[in-house]
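Everything below concerns the one structure shown next.
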Amino acid sequence: MTPETDLKTLLATMEPALQAAPYVFCSVTPAVYQRLSFIPLSVYREAEGIAIIATQEQASQAQLSFETTWACITLSVHSSLSAVGFLAAITAKLAGAGICVNPVSAYYHDHLFVPWERRWQALDELRELMGLEN
């Protein structure tokens with residue numbers, strides 16, 4: 001499967017899929033990270049600590065602190081890491097609707113973390129960007 005780079009194709013075929021669970025962002029020390037009883041969805045080492053993305057349930061069970069809950073919308077198109085303008089178009093569309101977004105690009109797909117309570121509106125905005133009716 002060849003990753004897509006054409007912006008028009010990416011936008012038309014992104015196929016946003018909402019993940020069922022709410023997610024949270026946490027920062028933990030290396031010692032806490034080593035003791036986690038679960039594998040986080042994402043891990044990034046920052047100067048201030050280890051940032052993780054986990055389900056709200058995982059974080060709560062591990063007694064990790066977090067500020068808010070996020071919905072994860074996976075863009076099902078196999079986007080190239082070299083694609084130009086894809087996330088810019090998406091974040092501009094969501095920003096125009098007053099929806100903040102924390103994008104995470106992985107090898108095959110892009111994942112958008114939007115406020116949990118705005119997840120349905122974000123999906124509608126993405127479908128509109130695809131050229132589909134809400």
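Picking from L87, L94, L75, which residue would you name as being touching a Cys at 6+ places or on another chain (Cβ under 8 Å) and within 19 Å of R118 (Cα to Cα)? Step through it out loud before you land on a result.
Working: L87 fails: touching a Cys at 6+ places or on another chain (Cβ under 8 Å); L75 fails: touching a Cys at 6+ places or on another chain (Cβ under 8 Å).
Testing whether each residue is touching a Cys at 6+ places or on another chain (Cβ under 8 Å) and within 19 Å of R118 (Cα to Cα) leaves just L94.
Restricting to the range 1-18, give me the number of residues that are in a loop (DSSP other than H, G, I, E, B) and surrounded by fewer than 16 Cβ atoms within 10 Å (Cβ to Cβ). Write out each step before concluding.
Of the range 1-18, the ones in a loop (DSSP other than H, G, I, E, B) are 1-3, 5-6, 13-15.
Now drop any that are not surrounded by fewer than 16 Cβ atoms within 10 Å (Cβ to Cβ), which leaves 1-3, 5-6, 13, 15.
Here the count works out to 7.
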Inset, instruction - Kindly provide the set of residues from the range 105-134 that are surrounded by fewer than 16 Cβ atoms within 10 Å (Cβ to Cβ) and within 11 Å of the chain's Cα centre (by Cα), ordered by number. - result: S105, A106
Inset, instruction - Would you tally the residues in the range 38-86 being among the charged types (D, E, K, R) and modelled with pLDDT under 95? - result: 0
Inset, instruction - Examine the range 58-73 for a residue that is surrounded by fewer than 19 Cβ atoms within 10 Å (Cβ to Cβ) and either on the phi > 0 side of the Ramachandran plot or in contact with a Ser or Thr (Cβ under 7 Å, 6 or more places away or on another chain) (or both), and state whether such a residue exists. - result: yes
Inset, instruction - Please enumerate the residues belonging to the range 93-104 that are out of contact with any Phe, Trp or Tyr (no Cβ under 9 Å at 6 or more places or on another chain) and closer than 16 Å to P16 by Cα. - result: K93, L94, I99
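The values are calculated or read from the model by the stated rules, or taken from the named source; none is laboratory data. Since this is a predicted model, take the numbers as computed values, not measurements. Methodologically, a virtual Cβ is constructed for each residue, glycine included, from the backbone with ideal geometry; neighbour enumeration extends over all protein chains shown.
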